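Peer 1: Before I ask anything, here is the structure I am working with.
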Amino acid sequence: MPEPIAPLRIALAGHVDHGKSTLVGRLVHDTGSLPDGKLEAIRASSAKRGMPFEWAFLLDAFQAERDQGITIDTTQVWLKTAKRAYTLVDAPGHKEFLRNMVTGAAAAEGALLVVDAKEGVREQSRRHGYLLSLLGLTQVVVAVNKMDLVGYDQARFTEVAHAIGAYLDSLGVAPKAVIPVSGREGDNVASRSAAMPWYRGPTLVEAIDGFQPPPPAVDQPLRFPIQDVYKFDERRIIAGRIESGRLEVGDTLVFSPGGRRARVAAIEAWPEDRRPSEAEAGRSIGITLDDQIFVERGQIGHLEDAGPVETNSLRARLVWLGRQPLVRGKRYKLKLATAEHQVEVQTIERVIDTADLASRSADAVLAGEIAEVVLRARSTLAVDDARLLPRTGRFVLVDGYDVAGGGTISLDGHARARRDSIRSTNVKRVEGQVSLAERWQANGHRSGILWFTGLSGAGKSTLAVELEHHLFRKGWHVAVLDGDNIRHGLSADLGFSPEDRAENIRRVGEVAALFARAGLIVITAFISPYREDRDRVRRIAPDLFHEIHVAADLATCEQRDPKGLYRKARAGKIQEFTGISAPYEPPEAPELVVDTAAHRLEACLAQLSAYVEAHLGAPGGR
């Protein structure tokens, strides 16, 4: 037998008194979803109050609703058709309770908008239609209800259908169907109406059966947020819950932000002889990798061909519920999956008041209001569009110690790029009239980037300044970019977290490329511990980049310790120190290896000089 189709959540919206509750009561009854004895209970309740039979009592669960005749909270009702099961989330239509409508519709996959055939499209009809579009609901069916009160008139239906269709179209929402119905009489709810032979479209049940369910989480791209990293005997076990997709032993995982990667060596289990070979969405697991790369809580593991977007700026739609207004320029804590980031409200693009959904510009968002904002973080975030991957596209904002708001991320127009993408707009590269070949010819040598990488104390800076002096005496155009000097100026705002290290190297790489394209030989002296960061610099100017590993083992570097940094790191006075509390990933295929532990300074300098002469010497016929 085929597996049952997963239930769909449908949000129910519409103007107060347009008969939404009555329509849903009839829908539940006509599909055979009404629990045993419920129909008799409704009849008894109506008789007890001296009222005519009301289908609406099926949904109006609160005494206050029966007394006032309005629905004031969301009610969830189970419904089953011949095709699938549904959860109907009845959202209130009264404007005083619109916030509940936001809550009810937020997690829905489709929507039923109810409009009274006699009253037509009203203020709250537009308000709810706008809100459905704001929440990203694209599967919408419109029921033009109470057709019995207008004598099942086709012209009246056409008029109302055109008005609501035009409004939804202006919001970018194309209804799947607009259906003339009578909730009280059951016309076109589950079966076709003899009173409206002119209507040839689907019934309400047929229309909602046409909604498409979201793809199963296991069929979506892999997202494995890291909950924690545990050291267990000789293993570093990376623990977390697979939010979507599946992973297998042998898969190469990329961890974002940062881009470091390694192969899954094992999915850990106890006893060890019962280790699984794969795991999928919904499972909490621990894995070990074949390489001891540095990863931490908040990063997201994924496969290389379908990763999240890395950015420090995101556009979001949020509902604000904080005690204090959300203010432009203020910083909040953003929680997304297992990650936490400090973000600043850079822009409040517009605010929609939940009383009337009027749009306005503002510097603050009050409690209960919906806003479209731009948030900026100092660190890099790994995010997805909430419409595609909700679990890594939805977030909450914390103000102080209180969860004060929640939102969804929109990546419309966002380049799928990492930190090295071009974010500025209205910019164009300016090409000079002096070619690189002309500069080489005038200088008498080629230009390039000599990227020295190695542990602290390996001798990078010493060799860099010695090589610079040697080449300068020969009349070559050469400059040194040293890590400490850059940290005093260009990167004075950065720390030593993996994210800040990556940004530091990106900046240096861009500057080095500018110098090299101007005809200079640029010697850089940076630990640059991560391969991905160095590879990213290579991609900036691949024809000019030369990776040189200034190699020395950790023991030799600690013995030298020219700045006393290893001693401080061992004492716990320096956090995130490469080689001690942070990893160093040596180059896999550098253009040159200079072993300063095995050779004296003069021999290393001679090796470097010979390499430069061979690769950056006189351009000749070039």
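The values are calculated or read from the model by the stated rules, or taken from the named source; none is laboratory data. Since the model is a prediction, treat every value here as computed from it, not as a measurement. FYI the Cβ positions are ideal-geometry reconstructions off the backbone, even for glycines, and counts take in every protein chain you see.
Peer 1: Under the condition of being basic (K, R) and without any contact (Cβ under 8 Å) to a residue 60 or more places away in the chain, which residue from segment 328-349 is farthest from D399 (Cα to Cα)?
Peer 2: Of segment 328-349, the ones basic (K, R) are 328, 330-331, 333, 335.
If we keep only those that are without any contact (Cβ under 8 Å) to a residue 60 or more places away in the chain as well, we get 328, 330-331.
Working: R328: 13, K330: 10, R331: 8 Å.
Among residues in segment 328-349 that are basic (K, R) and without any contact (Cβ under 8 Å) to a residue 60 or more places away in the chain, the one farthest from D399 (Cα to Cα) is R328.
Peer 1: Would you confirm whether or not segment 271-281 contains a residue that is surrounded by fewer than 21 Cβ atoms within 10 Å (Cβ to Cβ), among the acidic types (D, E), in contact with a helix residue (DSSP H, G or I) (Cβ under 9 Å, 6 or more places away or on another chain) and not in a loop (DSSP other than H, G, I, E, B)?
Peer 2: Yes, because at least one residue in segment 271-281 is surrounded by fewer than 21 Cβ atoms within 10 Å (Cβ to Cβ), among the acidic types (D, E), in contact with a helix residue (DSSP H, G or I) (Cβ under 9 Å, 6 or more places away or on another chain) and not in a loop (DSSP other than H, G, I, E, B).
Peer 1: Right, here's the next one. Please enumerate the residues belonging to segment 208-246 that are more than 20 Å from I267 (Cβ to Cβ) and part of a loop (DSSP other than H, G, I, E, B).
Peer 2: Within segment 208-246, G210, F211, Q212, P213, P214, P215, P216 meet the criteria.
Peer 1: What number of residues within segment 468-501 satisfy the criterion of being within 33 Å of the chain's Cα centre (by Cα) and either assigned to a helix (DSSP H, G or I) or polar (S, T, N, Q) (or both)? Step through it out loud before you land on a result.
Peer 2: Here is the first cut: in segment 468-501, the residues within 33 Å of the chain's Cα centre (by Cα) are 483, 486-487, 489-501.
Those left that are additionally either assigned to a helix (DSSP H, G or I) or polar (S, T, N, Q) (or both): 483, 486-487, 491, 497-501.
Number satisfying all stated conditions: 9.
Peer 1: With L137, L149 as the choices, which residue is hydrophobic (A, V, I, L, M, F, W, C), touching a residue at least 12 places away in the same chain (Cβ under 8 Å), assigned to a loop (DSSP other than H, G, I, E, B) and closer than 26 Å to V28 by Cβ?
Peer 2: Values: L149 fails: assigned to a loop (DSSP other than H, G, I, E, B).
After applying the criteria, what remains is L137.
Peer 1: Let me ask something else about it. G298 - would you say it is of a type outside the set (A, V, I, L, M, F, W, C), within 26 Å of H341 (Cβ to Cβ), in contact with a helix residue (DSSP H, G or I) (Cβ under 6 Å, 6 or more places away or on another chain) and crowded, with 18+ Cβ neighbours inside 10 Å?
Peer 2: Working: of a type outside the set (A, V, I, L, M, F, W, C): yes; within 26 Å of H341 (Cβ to Cβ): yes; in contact with a helix residue (DSSP H, G or I) (Cβ under 6 Å, 6 or more places away or on another chain): no; crowded, with 18+ Cβ neighbours inside 10 Å: yes.
No, not satisfied.
Peer 1: In the set L318, L381, L289, which member is under 22 Å from Y530 (Cα atoms), crowded, with 21+ Cβ neighbours inside 10 Å and assigned by TED's automatic domain parsing to the domain that holds A404?
Peer 2: L381
Peer 1: Looking at segment 195-241, which of its residues are touching a Ser or Thr at 6+ places or on another chain (Cβ under 8 Å) and within 14 Å of G298 (Cα to Cα)?
Peer 2: If the condition is that a residue be touching a Ser or Thr at 6+ places or on another chain (Cβ under 8 Å) and within 14 Å of G298 (Cα to Cα), then R223, P225, I226, Q227, I238, A239, G240, R241 are the ones that fit.
Peer 1: Could you tell me whether any residue of segment 485-501 is touching a strand residue (DSSP E or B) at 6+ places or on another chain (Cβ under 6 Å), modelled with pLDDT under 80 and among the acidic types (D, E)? Walk me through it before giving the result.
Peer 2: Looking only at segment 485-501, we keep the residues that are touching a strand residue (DSSP E or B) at 6+ places or on another chain (Cβ under 6 Å), and these are 499.
After this cut, where a residue has to be modelled with pLDDT under 80 as well, the list is 499.
Within this subset, residues satisfying the condition of being among the acidic types (D, E) are 499.
Checked against the condition, which is being touching a strand residue (DSSP E or B) at 6+ places or on another chain (Cβ under 6 Å), modelled with pLDDT under 80 and among the acidic types (D, E), segment 485-501 yields at least one hit.
Peer 1: Give the residue, chosen from R297, R263, that is among the basic types (K, R) and either under 20 Å from the mean Cα position of the chain (by Cα) or not in a strand (DSSP E or B) (or both). Talk me through it step by step, then tell me what you get.
Peer 2: Details: R263 fails: either under 20 Å from the mean Cα position of the chain (by Cα) or not in a strand (DSSP E or B) (or both).
Within the list R297, R263, the selection yields R297.
Peer 1: Determine which member of the set E547, E532, E510, E558 is buried (at least 20 other Cβ atoms within 10 Å of the Cβ), of a type in the set (D, E, K, R) and touching a residue at least 12 places away in the same chain (Cβ under 8 Å).
Peer 2: Working: E532 fails: buried (at least 20 other Cβ atoms within 10 Å of the Cβ); E510 fails: buried (at least 20 other Cβ atoms within 10 Å of the Cβ); E558 fails: buried (at least 20 other Cβ atoms within 10 Å of the Cβ).
Only one candidate qualifies: E547.
Peer 1: Continuing with this model, one more query. Inside segment 191-207, can you point out the residues that are under 40 Å from the mean Cα position of the chain (by Cα), assigned to a loop (DSSP other than H, G, I, E, B) and surrounded by fewer than 20 Cβ atoms within 10 Å (Cβ to Cβ)? Show your work before the answer.
Peer 2: Looking only at segment 191-207, we keep the residues that are under 40 Å from the mean Cα position of the chain (by Cα), and these are 201-207.
When the remaining residues are screened for being assigned to a loop (DSSP other than H, G, I, E, B), the result is 201-203.
Residues satisfying the conditions are G201, P202.
Peer 1: Starting from segment 248-261, take each residue that is in contact (Cβ under 8 Å) with a residue 60 or more places away in the chain and list its partners that are surrounded by 21 or more Cβ atoms within 10 Å (Cβ to Cβ) and acidic (D, E), counting only C-beta distances under 6 angstrom and pairs at least six apart or across chains.
Peer 2: That search, which allows pairs on different chains as well, returns S256/E310; P257/E310.
Peer 1: For the structure I just gave you, tell me whether A597 is more than 20 Å from G459 (Cα to Cα) and of a type outside the set (S, T, Y).
Peer 2: It is false that A597 is more than 20 Å from G459 (Cα to Cα) and of a type outside the set (S, T, Y).
Peer 1: Same structure, new question: Is there a residue being part of a strand (DSSP E or B), small (G, A, S) and modelled with pLDDT under 90 anywhere in segment 310-332? Step through it out loud before you land on a result.
Peer 2: So in segment 310-332, the residues part of a strand (DSSP E or B) come out as 310-320, 326-327, 331-332.
Remaining after also requiring small (G, A, S): 313, 316.
Next, from what is left, pick out any that are modelled with pLDDT under 90: 313, 316.
Yes, segment 310-332 contains a residue that is part of a strand (DSSP E or B), small (G, A, S) and modelled with pLDDT under 90.
Peer 1: Right, another one. I'd like the residue in segment 574-609 that is within 15 Å of F452 (Cα to Cα) and β-branched (V, I, T) and, out of all such residues, is surrounded by the fewest Cβ atoms within 10 Å (Cβ to Cβ).
Peer 2: Selected residue: V593.
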